[in-house]
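Peer 1: First, the structure itself, so that you have it in front of you.
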Protein chains: 2
Amino acid sequence: MKLYSSIGPNPRVILTLLKEGNIDIPIQEVDLLGGENRREPYTSINPGGQLPALELDSGLVIAEVLAVGQYLDATHGAGLFGEGEQLAETLMWYQRVQLEIIEPMANSFRYGPGLETFKDRMHCIPEAAPGLAEKAKGGLKWLDGLIAGREWIIPDRYSFVDLYAYCLIDFFAKFGQPLDGAPNVEALLARVGQRPAAQATA
Amino acid sequence: MKLYSSIGPNPRVILTLLKEGNIDIPIQEVDLLGGENRREPYTSINPGGQLPALELDSGLVIAEVLAVGQYLDATHGAGLFGEGEQLAETLMWYQRVQLEIIEPMANSFRYGPGLETFKDRMHCIPEAAPGLAEKAKGGLKWLDGLIAGREWIIPDRYSFVDLYAYCLIDFFAKFGQPLDGAPNVEALLARVGQRPAAQATA
């Protein structure tokens, strides 16, 4: 098994998961800023051109942070997804956080402050950037209300969803997407940030 | 176990999965057009306000089509997700299809032809509608190249991803998002549409 990794928030999700689960696997760095991920041979490894990707011993390559995370978690018992009802609950909250907050936030960044970097890498919609930032803000407020009084996003257990939200929001917050109006989310993410695994990948 | 369902493409994904797996569970209809899903008591059942949702015997409610589908599949052996490497592969392709095609297509619909229905239900970004339709078109072309020569999206097995892509694209195609330029996808979706399960929910 080999992990293709790089700088950036999605690779950090998996690097942090590895620390949480004390998982030790070979890691090959890909030069994201130099565009190595948008050229062969990497585009044959992951035709999405994104990082991270996990090459299994069978030769199958798993991309997308959700899939890489779930597989590593299940095979190494990191306990961040769970099984049965817990797995379903993790997938549900992942989707909520991804669709209501992270995707609009990430696309607002790619179509706005990050446009120079991303315009030749994907279809960008610059006119959508302000609206997407507003949408992400609405999503954060919605999540803030839902998690009031909770320690973690899924009640009573630290999960992949907390780790994912932390790594992505922590990254985009540096580019003008603050957490004002979402104090519960802010406090929750600060708790994730204090974990040794998050500090090891900061 | 009880499924909350309604008209619409996402509920259809789960209704079709039930048919594929010969799964028989109680179904409660929610009046989507009447907005019953945006009012109590439904918003306490699923604070996302969307359909479908699955209430488990434990009292836990699972929302989001990915999570509902994976749970029903795993507990009833429908075989549309698989386990281990296959589950990771299914999650990966689901994310690719969702993020590159379905989400931009769905949002282009909600912010464009569907704006009157959706403007009071979610944060809409009308100025993004044309760009999102273009993005979805690019995603369809990308997928079209990747699946050339394949029977299904994941090589050699019919999966949840085919079923999901079929139900969503079939719905949005009726609202001005045609499949021109993606003949492999068009042929693949036609194969899904010929399956008895898809015909039973048409």
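The values are calculated or read from the model by the stated rules, or taken from the named source; none is laboratory data. Bear in mind the structure is a predicted one, so any value in this text is a computation, not a measurement. Note that we place each Cβ from the backbone using ideal geometry, even for glycine, and neighbour counts take in every protein chain shown. For accessibility, only protein heavy atoms count, side chains too; no ligands or nucleic acids. Shrake-Rupley method; radii C 1.70, N 1.55, O 1.52, S 1.80 Å.
Peer 1: Which whole-Hz ³J(HN,Hα) couplings does the stretch A:112-125 yield from phi under the Karplus relation 6.51 cos²θ - 1.76 cosθ + 1.60, θ = phi - 60°, glycine and proline marked x?
Peer 2: The phi angles translate into x, x, x, 4, 4, 6, 9, 4, 9, 9, 7, 6, 9, 10 Hz.
Peer 1: Let me ask something additional. With Cβ to Cβ distances under 15 Å as the rule, what net charge do the other residues near B:Val30 carry (K, R +1; D, E -1)?
Peer 2: Values: positive: B:Lys2, B:Arg12, B:Arg38, B:Arg39, B:Arg121; negative: B:Glu29, B:Asp31, B:Glu36, B:Glu40, B:Glu55.
After counting each charged neighbour, the total is 0.
Peer 1: With both partners inside the protein assembly as shown, how many of the DSSP beta bridges are antiparallel, as a percent to the nearest 5? Walk me through the intermediate numbers first.
Peer 2: On the way: 12 of 18 bridges.
Beta bridges within the protein assembly as shown, antiparallel portion: roughly 65 percent.
Peer 1: Starting from the Cα-Cα distance between A:Asn22 and A:Gln86, subtract it from 0.36 nm times their residue separation and give me the gain in nm to one decimal. Walk me through the intermediate numbers first.
Peer 2: Numbers: separation 64, 0.36 × 64 = 23.04 nm, distance 2.13 nm.
Computed gain between A:Asn22 and A:Gln86 is 20.9 nm.
Peer 1: Can you pull the one-decimal nm distance between simple spin-label points at B:Glu29 and B:Asp120, each 7 Å off the Cα toward Cβ?
Peer 2: About 2.3 nm, to one decimal.
Peer 1: Mind listing which chymotrypsin sites (Phe, Trp or Tyr not before Pro) in the stretch B:1-91 are in a DSSP loop and have 15 or fewer other Cβ atoms within 10 Å?
Peer 2: Working: sites: B:Tyr4, B:Tyr42, B:Tyr71, B:Phe81; in loops: B:Phe81.
Filter output for the stretch B:1-91: empty list.
Peer 1: Shifting gears a bit: Put a label point 7 Å from Cα along the Cβ direction on A:Arg191, then list its distances to the equivalent points in the other copies in nm, shortest first.
Peer 2: 4.7
Peer 1: So, one more: Can you pull the three principal axis extents for the Cα set of chain A, in Å, largest first?
Peer 2: Result, largest extent first: 45, 42, 28 Å.
Peer 1: As a test of the definition: with a 1.4 Å probe, what buried accessible area, both sides summed, do you compute for B against A, in Å² to the nearest 100? Walk me through the numbers on the way to the answer.
Peer 2: Numbers: alone 9880 and 9900 Å², together 16420 Å².
Interface area, both chains combined: 3400 Å², rounded to the nearest 100.
Peer 1: Just tell me how shielded B:61-69 is by partners: mean number of partner chain Cβ atoms within 10 Å of each residue's Cβ, no decimals.
Peer 2: Working: counts 2, 5, 6, 9, 3, 6, 10, 3, 2.
Per residue, the number of nearby Cβ atoms from other chains is 5 on average.
Peer 1: Moving on. I need the inter-copy label distances for A:Pro47: point set 7 Å along Cα to C-beta, values in nm with one decimal, smallest first.
Peer 2: 3.9
Peer 1: Place a +1 charge on the Cβ of each Lys and Arg in chain A and a -1 charge on the Cβ of each Asp and Glu, then give the dipole magnitude about the Cα centre in debye, rounded to the nearest 20.
Peer 2: Working: 17 positive and 26 negative charges, 78 e Å.
It works out to roughly 380 debye.
Peer 1: Relative to a virtual label point 7 Å from the Cα of B:Asp180 in the Cα→beta-carbon direction, which members of the stretch B:113-129 show backbone nitrogen distances below 14 Å?
Peer 2: Backbone N within reach: none found.
Peer 1: Suppose only helical runs count, i.e. DSSP H with n ≥ 4. What mean residue ellipticity at 222 nm does that imply for chain B under -39500 (n - 2.57) per run, divided by all residues and rounded to the nearest 500 deg cm²/dmol? If you can, show how the numbers build up before the last one.
Peer 2: Details: 10 runs with 102 residues, N = 202.
Rounded to the nearest 500, the figure is -15000 deg cm²/dmol.
Peer 1: Whenever you get a sec, compute what percent of the accessible area on the protein assembly as shown sits on carbon and sulfur atoms (1.4 Å probe). List each step's numbers first, then the result.
Peer 2: Values: 8230 of 16420 Å².
Ligands and nucleic acids excluded, carbon and sulfur give 50 percent.
Peer 1: State the Kirkwood hydrodynamic radius of the stretch A:2-76 in Å, one decimal place, computed from all pairs of distinct Cα atoms. Can you show the working numbers first?
Peer 2: On the way: mean 1/r = 0.0815 Å⁻¹.
For the stretch A:2-76, the Kirkwood estimate is 12.3 Å.
Peer 1: Give, as a single signed number, the net charge of other residues whose beta carbon lies under 14 Å from the beta carbon of A:Gly176, with Lys and Arg counted +1 and Asp and Glu -1.
Peer 2: Details: positive: A:Arg110, A:Lys137, A:Lys174; negative: A:Glu134, A:Asp170, A:Asp180.
The answer is 0.
Peer 1: Still on this structure, please answer the following. Based on the alpha-carbon gyration tensor of the protein assembly as shown and its eigenvalue square roots a ≥ b ≥ c, which shape applies: rounded if a/c is under 1.5, prolate if not and a/b is larger than b/c, or oblate?
Peer 2: rounded
Peer 1: Placing +1 at every Lys and Arg Cβ and -1 at every Asp and Glu Cβ, with all other atoms neutral, what dipole size does the protein assembly as shown have around its Cα centre, in debye to the nearest 20?
Peer 2: Working: 34 positive and 52 negative charges, 142 e Å.
The calculation lands at about 680 debye.
Peer 1: Of A:Ile27, A:Gly8, A:Leu60, which is farthest towards the positive pole of the stretch A:2-76's charge dipole, taken about the Cα centre with +1 and -1 on the beta-carbons of Lys, Arg and Asp, Glu respectively?
Peer 2: Working it through, the farthest residue towards the positive pole turns out to be A:Gly8.
Peer 1: Right, next: If Lys and Arg each add +1 and Asp and Glu each add -1, what is the summed charge of the other residues whose beta carbon sits under 12 Å from the beta carbon of B:Phe160? Walk me through the numbers on the way to the answer.
Peer 2: Details: positive: B:Arg157; negative: B:Glu20, B:Asp73, B:Glu89, B:Asp162.
Neighbour charge sum, excluding B:Phe160 itself: -3.
Peer 1: Would you work out which of A:Gly112, B:Ala78, B:Thr43 lies farthest towards the positive end of the dipole of the protein assembly as shown, given +1 charges on the beta-carbon of Lys and Arg and -1 on that of Asp and Glu, about the Cα centre?
Peer 2: A:Gly112
Peer 1: Given +1 on the Cβ of Lys and Arg, -1 on the Cβ of Asp and Glu, and no further charges, what dipole in debye does the stretch B:2-76 carry about its Cα centre, rounded to the nearest 20?
Peer 2: For this selection, approximately 160 debye.
Peer 1: Hey, another quick one. Report the one residue of A:Thr90, A:Cys167, A:Ala187 whose Cα lies farthest in the direction of the positive end of the charge dipole of the stretch A:85-196 (charges on C-beta: Lys and Arg +1, Asp and Glu -1; origin at the Cα centre).
Peer 2: Comparing the listed Cα positions along the dipole, A:Cys167 ranks first.
Peer 1: A further question on this structure: With respect to the symmetry axis carrying chain B onto chain A, which residue of chain B exhibits the smallest Cβ distance to that axis, and what is the value in whole Å?
Peer 2: Spelled out, residue of B and its Cβ distance from the axis onto A: B:Ala128, 2.
Peer 1: Return the average number of partner chain Cβ atoms within 10 angstrom of each residue Cβ along peptide B:123-131. Before the final figure, lay out each step's value.
Peer 2: Numbers: counts 11, 2, 10, 1, 5, 10, 2, 3, 7.
Mean shielding count: 6.
Peer 1: As a test, work out the antiparallel percent of DSSP beta bridges whose residues both lie in chain A, rounded to the nearest 5. Mind dumping the intermediate values first?
Peer 2: Details: 6 of 9 bridges.
DSSP beta bridges in chain A are roughly 65 percent antiparallel.
Peer 1: State the extension gain, in nm to one decimal, for the chain segment bounded by A:His76 and A:Lys2, taking 0.36 nm per residue of separation less the distance between their alpha-carbons. If you can, show how the numbers build up before the last one.
Peer 2: Details: separation 74, 0.36 × 74 = 26.64 nm, distance 1.41 nm.
Gain on extension, A:His76 to A:Lys2, equals 25.2 nm.
Peer 1: Across peptide A:90-103, how many C-beta atoms of other chains are within 10 Å of each residue C-beta, on average?
Peer 2: On the way: counts 1, 11, 15, 3, 4, 7, 6, 0, 5, 6, 3, 0, 0, 4.
The mean count of partner-chain Cβ atoms within 10 Å per residue comes to 5.
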